[in-house]
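Report on the following structure.
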Amino acid sequence: MSAIASEISKRRTFAIISHPDAGKTTITEQMLLFGGVVREAGTVKGKKSGNFAKSDWMEIEQKRGISVTSSVLQFDYDGKRINILDTPGHEDFSEDTYRTLMAVDSAVMVVDSAKGIEPQTKKLFEIVKQRGIPVFTFFNKLDRDGRDPLDLLAELEDVLGIDTYPMNWPIGSGQVLQGLYDMHNHQVALYRPDSQGNRYLALDENGNIDANHELANNQIWRDARDEVDLVSDAGNQFDEEAILHGKLSPVFFGSALINFGVETFLKSYLEYAPAPAAKKTIDEQAIEPLNNDFSGFVFKIQANMNPQHRDRIAFVRIVSGEFKRGMDVTLSRTAKKIRLSNVTQFMADSRENVESAVPGDIIGVYDTGTFQIGDTIFSGKAKIQFEDLPTFTPELFMRVSAKNVMKQKSFHKGITQLVQEGTIQLYKSWVSGDYILGAVGALQFEVFKFRMENEYNSEIVLEPMGHKIARWINTEQLDEKMASSRNILVKDRFDQPLFLFENQFAERWFKDKYPSVELEAKL
Ligand code: G4P
């Protein structure tokens, strides 16, 4: 294997998807501990420790103590180089969160085992499913009384429409947690062994532990043992192909907080998660990671990392070839040549200048307004243009106007640039041409307002319209009279018409009234 092939085979680039409070930060931190990157727990979460080392980029982030846009954590573990792309949650949930999922090769889904599948997990999972990439599930908080594991599996299958394969099984939970029955490694991991050396119990060929061990006479063990038999007999078979296509999710139980089951999870994950894959171009060509020429695409642009310089960083996921500092690339959209000299990589505790990087890695290219979300860059002679990143259906809308009518110029300039950058989506009222902003998360409006004022010197007025259901309609089928106050007719930035429905009732009413009209939701 060539040196670069060996480097690529070590890469595991993934995102953790979860609902807020399921334990994403805690499990990330445990992984960083295994990777030797952080020495103590509690260093990742800025809001608690006041340590903003990894994401003190925007003033707004500091004020709120949250990470506005996804960042990248890179570390080595078990012979692999891991890139975790953070997907912000809570109120900082935004289109960036979705777009980040376009740049990963697999996803880890962390679920609170007392709560099961929650709305944000479901939303993020839909994107992952659409891409057909592998998803590994970690049912967290086993140290607490959770729901019946069989129920959790059934819910995962029902709600998300994916098959599951348990890799381990809890032996009790909460106060009576005894350990994990590790089907995959054919052993039992004890939660409270009498000594470190006795942490693992071997299983005999029938899957039983030594009958003399005190656990063997515990009802909790017997119950877990029955359940293991049940899921082995009635459940899905382990199928690596199905895992790689995102059809079967390997499921793990554990507790991030007490660091139980996390390391085994990480090891199994690294064993089965895929190395970087080829990516399709708009003309259906697959660009393989081992292609000699460098190529990559911009999945996110973050502005104002340094307010003094008003710099922006374009996050590029490398698809093929090797990145070398100072190399010349072509920006596909404009055919312009660009020299990549000012480029950073994201180690967990700092941003460092990077000399080289390979497919699977994320590099941050300093940008002075050249890049747009979804841009392709390549080093070879043959033009490469990757498929467009999808746009995501916004759910929140606000009317926007300039506070000072005399300052229309800076208002328009700001809106145009920020929309191009993917900060927010812009619509226009069909009749009046009024500007309407759409977002998937409320914080996008705040970031937009902040940046309009600080970067474009344009004060704006935002007037909430609330939650809406956006549905696109074919121009041929459109009749302006179909619009009403319950379904506002607007056009997107490509002048395509869509309705903003007040709620599901309004949408249903519309469908009843115009049964032949097709309404389309984007992702
Ligand atoms: P998030 O990033 O997904 O939002 O979740 P985070 O890791 O911040 O965890 C949310 C809360 O759940 C935290 O408690 C955290 O300590 C707790 N938690 C995470 N994993 C486990 C687990 O395995 N078991 C138990 N019992 N709790 C877990 P908090 O009270 O909000 O914060 P803190 O003050 O305890 O840090």
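Observations on the structure shown:
- Among the residues of segment 265-294, the one identified as of a type in the set (S, T, N, Q), closer than 30 Å to Ile384 by Cβ and outside any loop (DSSP other than H, G, I, E, B) is Thr281.
- Filtering segment 483-523 to residues that are assigned to a loop (DSSP other than H, G, I, E, B) and acidic (Asp, Glu) leaves Asp492, Asp495, Glu502, Glu518.
- Scan of segment 125-139 for residues that are touching a Gly at 6+ places or on another chain (Cβ under 8 Å) and within 16 Å of the ligand (Cβ to nearest atom), ordered by number: Phe138, Phe139
- Taken together, the residues in segment 278-294 that are under 21 Å from the mean Cα position of the chain (by Cα) and either buried (at least 16 other Cβ atoms within 10 Å of the Cβ) or not small (Gly, Ala, Ser) (or both) amount to 2.
- Residue match in segment 27-39 (condition: within 16 Å of the ligand (Cβ to nearest atom) and at pLDDT below 75): yes
- Tally of residues being under 22 Å from the mean Cα position of the chain (by Cα) and either of a type in the set (Phe, Trp, Tyr) or closer than 28 Å to Leu201 by Cβ (or both) across segment 132-151: 6
- Within segment 426-449, considering residues that are in a helix (DSSP H, G or I) and touching a residue at least 60 places away in the same chain (Cβ under 8 Å), the one farthest from Leu396 (Cα to Cα): Val447
- Residue match in segment 77-96 (condition: more than 15 Å from the ligand (Cβ to nearest atom), part of a helix (DSSP H, G or I), in the same structural domain as Ser9 (by TED's automatic domain parsing) and among the hydrophobic types (A, V, I, L, M, F, W, C)): no
- Cβ-Cβ distances below 7 Å connect the following pairs, each with a first residue in segment 450-467 that is at pLDDT 95 or above, a second residue that is among the basic types (Lys, Arg) and not in a helix (DSSP H, G or I), and a separation of six or more residues or different chains: Glu459/Lys403; Ile460/Lys403; Val461/Lys403; Glu463/Arg399.
- If only residues of segment 6-26 that are polar (S, T, N, Q), assigned to a helix (DSSP H, G or I) and more than 6 Å from the ligand (Cβ to nearest atom) are counted, the one that is nearest to the chain's Cα centre (by Cα) is Ser9.
- In segment 500-523, the residues that are within 18 Å of Trp430 (Cβ to Cβ) form Cβ pairs under 6 Å with partners that are small (Gly, Ala, Ser) and not in a loop (DSSP other than H, G, I, E, B), at six or more places apart or across chains, as follows: Leu500/Ala470.
- Candidates in segment 231-264 are the residues that are touching a strand residue (DSSP E or B) at 6+ places or on another chain (Cβ under 7 Å) and part of a helix (DSSP H, G or I); of these, the one that is nearest to the ligand (Cβ to nearest atom) is Thr264.
- Within segment 313-332, considering residues that are over 11 Å from Pro359 (Cβ atoms) and not in a strand (DSSP E or B), the one farthest from the chain's Cα centre (by Cα): Gly326
- Note on segment 140-183: among residues that are outside any loop (DSSP other than H, G, I, E, B) and small (Gly, Ala, Ser), the one that is farthest from the ligand (Cβ to nearest atom) is Ala154.
- Of the residues making up segment 197-219, not a single one is outside the structural domain of Leu124 (by TED's automatic domain parsing), touching a residue at least 24 places away in the same chain (Cβ under 8 Å) and closer than 30 Å to Lys129 by Cβ.
- The number of residues in segment 201-230 that are under 30 Å from Ile162 (Cβ atoms) and not in a helix (DSSP H, G or I) comes to 2.
- So Lys47, is it in a helix (DSSP H, G or I), more than 13 Å from the ligand (Cβ to nearest atom), at pLDDT below 90 and surrounded by fewer than 22 Cβ atoms within 10 Å (Cβ to Cβ): no
- Condition check for Asp194: under 19 Å from Lys115 (Cβ atoms), without any contact (Cβ under 8 Å) to a residue 40 or more places away in the chain and not in a helix (DSSP H, G or I): no
The values are calculated or read from the model by the stated rules, or taken from the named source; none is laboratory data. Being a predicted model, the structure only gives us computed values, none of them experimental. We place every Cβ from the backbone using ideal geometry, glycine too, and count neighbours over all the protein chains shown.
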